[in-house]
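Asks: Take this structure first; my questions come after.
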Amino acid sequence: MNDIIRSIEEAQLKKEIVDFRVGDTIKVYGRIKEGNRERIQVFEGVVLKRQGGSSRETFTVRKTSNGIGVEKTWPLHSPNVEKIEVVRRGKVRRAKLHYLRERVGKAAKVKAVVR
């Protein structure tokens, strides 16, 4: 039974995944269905966490919209995620950035990696 589930999950995996980490600022192009129409909406923000593994891996992105913090969690291998673009690399020392939820303005910024 376990082998059957594993084979089904491996068939769902995406071939090419963009390399991004916690602290990076990314753009997520997500498919949205409105009635019988389908469109792509861009969500740009900082990656707070990545969790899980293989086909069940998810990532959470946070942005501020009109002064209100908005978080969205997507499955990495979901067909509703069209593509992911890395806008800016971030330098952090944590695996999960939950402390950014209490911060506002410049205090909520993540240092950029200098290359």
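The values are calculated or read from the model by the stated rules, or taken from the named source; none is laboratory data. All values derive from a computational prediction rather than experimental measurement. Note that we place each Cβ from the backbone using ideal geometry, even for glycine, and neighbour counts take in every protein chain shown.
Asks: If I filter the range 94-107 down to residues being aliphatic (A, V, I, L, M) and touching a residue at least 60 places away in the same chain (Cβ under 8 Å), which single residue comes out as surrounded by the fewest Cβ atoms within 10 Å (Cβ to Cβ)?
Replies: 95
Asks: Among what's in the range 1-59 and is β-branched (Val, Ile, Thr) and in a loop (DSSP other than H, G, I, E, B), pick the residue that is modelled with the highest pLDDT.
Replies: Applying the filter and picking the extreme gives 22.
Asks: Further question: Does at least one position in the range 75-85 carry a residue that is assigned to a strand (DSSP E or B), farther than 30 Å from residue 106 by Cα and out of contact with any helix residue (DSSP H, G or I) (no Cβ under 7 Å at 6 or more places or on another chain)?
Replies: Within the range 75-85, one or more residues are assigned to a strand (DSSP E or B), farther than 30 Å from residue 106 by Cα and out of contact with any helix residue (DSSP H, G or I) (no Cβ under 7 Å at 6 or more places or on another chain).
Asks: Which numbered condition in (1) in a loop (DSSP other than H, G, I, E, B); (2) in contact with a strand residue (DSSP E or B) (Cβ under 9 Å, 6 or more places away or on another chain); (3) under 23 Å from residue 12 (Cα atoms) is the only one that residue 95 fails?
Replies: Looking at each condition in turn, residue 95 falls short on (3).
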